[in-house]
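Trainee: My questions all concern the structure below.
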Amino acid sequence: MRKLFTLLLLVLLSISGYAKETLILSTGEWAPYTSQKDPSPE
Amino acid sequence: MIQTIVTETFKLVNIDVLYKYYPWKRSLRYAEEFEVDGSIPWSKSSEREKVFYYSKEPIIITRTVFFHLKSLDFKWDTFEDLKRYRIGGNIGYRSTDVLKKNDLKVELVAKEEQNFRKLLANRIDITPSSFFVGYYIINNLFPKSKALTFTNTTKQLLPENGVHIVIPKKHPRGKEIMKIFDEAFEKLVKSGMYDKIIDEFVSK
């Protein structure tokens, strides 16, 4: 019953726009600060 | 730092961001093919502008300068001026290519932080690095007393380079997402949060 309620809540939140949107961005493999690597490969 | 800026920008409009890490070329290809929603950080090129929307403003502008110890009276105007200095460079970096093309001898290392250790040990005289990256390394690698012995030139080795977030034109909401980002980014800058992120990164 509780699972059904949670599912229903999620569906309602999603319909009403309350669910947070998540974007996926790609980036180059780097250490946290090695942004000196050329960010513009040929 | 770039990730933090982008994450905080989207947070202002209640959007979460997940990052996926790939080799550079694949990172761009996946974005182009709309395997992901977008990519960071990319400078403008006519080729890429055909397939991507670019953020109106660059996320950051990188300045590549020389770092050295304050004890060295170092100024340069031409590449000829650099010939009498021991230069530390990094494998695969554009700055190394530029120095080599100008007939300069460069001692190469694989990790940028090695050059800062070599500067302190007096094994090289100067090393090029992005202003932000250089101070991040210095402040993270050395105690404050040592960190204060470093300085940088104002003259840049490479032209300033603005890097952007890109969203593929194939993305059905590409234009809309970019507009959302641009407006939120303006808010981030105006709020002072942008400067705070950069200050924290440099002085960490």
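The values are calculated or read from the model by the stated rules, or taken from the named source; none is laboratory data. What you are looking at is a predicted structure, and each value in this text was computed from that prediction instead of being measured. Neighbour counts run over all protein chains shown; Cβ positions are idealised from the backbone, glycine included. The area values use the complete protein model at the heavy-atom level, side chains included, leaving out ligands, DNA and RNA. Shrake-Rupley method; radii C 1.70, N 1.55, O 1.52, S 1.80 Å.
Trainee: Can you list which of the GluC sites (Glu not before Pro) found in the range B:17-91 are DSSP loop residues with at most 11 other C-beta atoms within 10 Å?
Mentor: Answer in residue order: B:GLU33.
Trainee: Sticking with the crude label model, points 7 Å out along Cα→Cβ, report the distance from B:GLU80 to B:ASN102 in nm, one decimal please.
Mentor: 1.3
Trainee: Would you tell me the mean number of C-beta atoms belonging to other protein chains that fall within 10 Å of each C-beta in B:16-28, as a whole number?
Mentor: Mean partner shielding for this stretch: 5.
Trainee: Also, quick follow-up: With a Cα-only, solvent-free Debye model of the range B:17-140, what are the log10 I(q)/I(0) values at q = 0.13 Å⁻¹?
Mentor: With one equal scatterer per Cα and no solvent, log10 I(q)/I(0) is -0.68.
Trainee: Once fully extended, how much extra length lies between B:LYS11 and B:ILE61, figured as 0.36 nm per residue of separation less the alpha-carbon to alpha-carbon distance?
Mentor: On the way: separation 50, 0.36 × 50 = 18.00 nm, distance 2.18 nm.
Full-extension gain reported as 15.8 nm.
Trainee: Please sort by residue number the trypsin sites (Lys or Arg not before Pro) in the range B:8-79 whose DSSP state is loop and whose Cβ has at most 13 other Cβ atoms within 10 Å.
Mentor: Sites meeting the loop and neighbour criteria: B:LYS56, B:LYS70, B:LYS75.
Trainee: Need one value: the accessible area of B:PHE185 in square angstrom, 1.4 angstrom probe, rounded to the nearest 10.
Mentor: B:PHE185 has an accessible surface of roughly 20 Å² with all protein chains in place.
Trainee: Determine, from the Cβ-Cβ distance of B:ALA110 and B:GLU183 and an R0 of 30 Å, the FRET efficiency 1/(1 + (r/R0)^6), rounded to the nearest 0.05. Spell out each step's value before the answer.
Mentor: Working: r = 41 Å, r/R0 = 1.36.
In this case the efficiency is close to 0.15.
Trainee: Moving on. Under a 1.4 Å probe, what is the accessible area of the protein assembly as shown per residue, stated in Å²? Intermediate values should be presented prior to the final figure.
Mentor: Working: 13710 Å² over 246 residues.
For the protein assembly as shown, the solvent-accessible area averages 56 Å² per residue.
Trainee: Return the value, in Å² to the nearest 100, of accessible area buried between chains A and B (probe 1.4 Å, both sides summed).
Mentor: Buried area between the two chains comes out at roughly 3400 Å².
Trainee: In Å and whole numbers, how far do the C-alpha atoms of the range B:118-176 stretch along each principal axis, longest first?
Mentor: Answer, in whole Å and largest first: 54, 25, 18 Å.
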